[in-house]
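Computed from the coordinates by the stated procedures, all read-outs in this text should not be read as laboratory data. Keep in mind that this is a model prediction, so the values were computed, not measured. Quick reminder, even Gly has a Cβ in these numbers, built from the backbone with ideal geometry, and neighbours come from all protein chains shown.
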Amino acid sequence: MIYRDFYQHLLEHFSQPVELFTGVRKQGFTLYSEQGVLYIRNSKNNIRRLGREDVDAFIARFEETGSVLPRDYQDVTFNSSYLLAIMKYISNVNNEKMGIFRFYSQENADSEQQYHLWLKNNPEGYVLNIPKRGEGKGSASVGDLTCLHASRCDAINNQRSYSQPQPFTGGDYFKVCGNSLAALEDEALRITQLQSIRRCNRCLTQVKESQRTD
Ligand SMILES: [Zn+2]
């Protein structure tokens with residue numbers, strides 16, 4: 001993604017107010033633009049201006065580090081939690097345009113049903129299974145637990161009975177799905193900050209590297 005003149009992009013995108021949530025504390029807020037300026041209205045109805053200089057400083061740091069942790073931005077902006085939530089929202093919108101969908105119970109109460117619907121409608125698709133605590137971490141343990149599968153794989157698509165009501169997207173793991181393995185793998189590298197993503201040795205052994213060019 002190119003972040004050149006991200007502020008202008010946000011002004012246009014948020015000409016209609018959008019409700020968002022910060023990542024860590026799950027605080028709701030509304031982002032909107034008015035006469036060339038962005039504003040944040042928080043859950044207590046306080047309004048603060050989100051200036052171009054804040055956004056530019058944030059983007060410069062983001063491009064340098066790729067970090068999704070607010071503390072890595074605290075020296076450049078007071079609005080890091082909001083800006084990270086905005087980035088995540090924009091990247092989800094862009095992903096959905098490319099056919100990549102994210103199913104995560106804390107972000108969407110219907111994630112489990114929507115995940116099963118996606119599998120049903122995309123039998124030739126691919127699924128990234130990833131621990132919720134793994135976003136942006138890039139650690140070896142996250143690498144061991146993160147895995148790409150085919151839609152039909154029994155590991156991510158089965159009807160066993162589970163004690164947990166949302167076993168696929170409501171527990172420790174969430175899913176990111178798409179019909180292009182290459183695009184999904186790129187997204188997996190971006191969100192985990194890992195160097196490579198494991199492929200399931202039951203369902204993806206037949207997929208050759210050459211399919212990366214699709
Ligand atoms: Zn598999």
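The requirement of being closer than 23 Å to Q193 by Cα and either under 15 Å from the mean Cα position of the chain (by Cα) or surrounded by 13 or more Cβ atoms within 10 Å (Cβ to Cβ) (or both) is not satisfied by L119. Residues in the stretch 175-195 that are touching an Asp or Glu at 6+ places or on another chain (Cβ under 8 Å) and in contact (Cβ under 8 Å) with a residue 40 or more places away in the chain were compared, and the one that is farthest from the ligand (Cβ to nearest atom) is I191. Restricting the stretch 83-116 to residues that are surrounded by 15 or more Cβ atoms within 10 Å (Cβ to Cβ) and of a type in the set (G, A, S), the residue that is farthest from I156 (Cα to Cα) is A85.
Does R190 count as in contact with a Leu (Cβ under 7 Å, 6 or more places away or on another chain) and surrounded by 13 or more Cβ atoms within 10 Å (Cβ to Cβ)?
Values: in contact with a Leu (Cβ under 7 Å, 6 or more places away or on another chain): no; surrounded by 13 or more Cβ atoms within 10 Å (Cβ to Cβ): yes.
Answer is no for this residue.
In the stretch 116-160, how many are more than 12 Å from the ligand (Cβ to nearest atom), touching an Asp or Glu at 6+ places or on another chain (Cβ under 8 Å) and not in a strand (DSSP E or B)? Step through it out loud before you land on a result.
Step one: filter the stretch 116-160 for residues more than 12 Å from the ligand (Cβ to nearest atom), giving 116-125, 130-146, 159-160.
Checking the rest, the ones that are also touching an Asp or Glu at 6+ places or on another chain (Cβ under 8 Å) come to 131-133.
Filter once more, so that each one left must be not in a strand (DSSP E or B): 132-133.
Count: 2.
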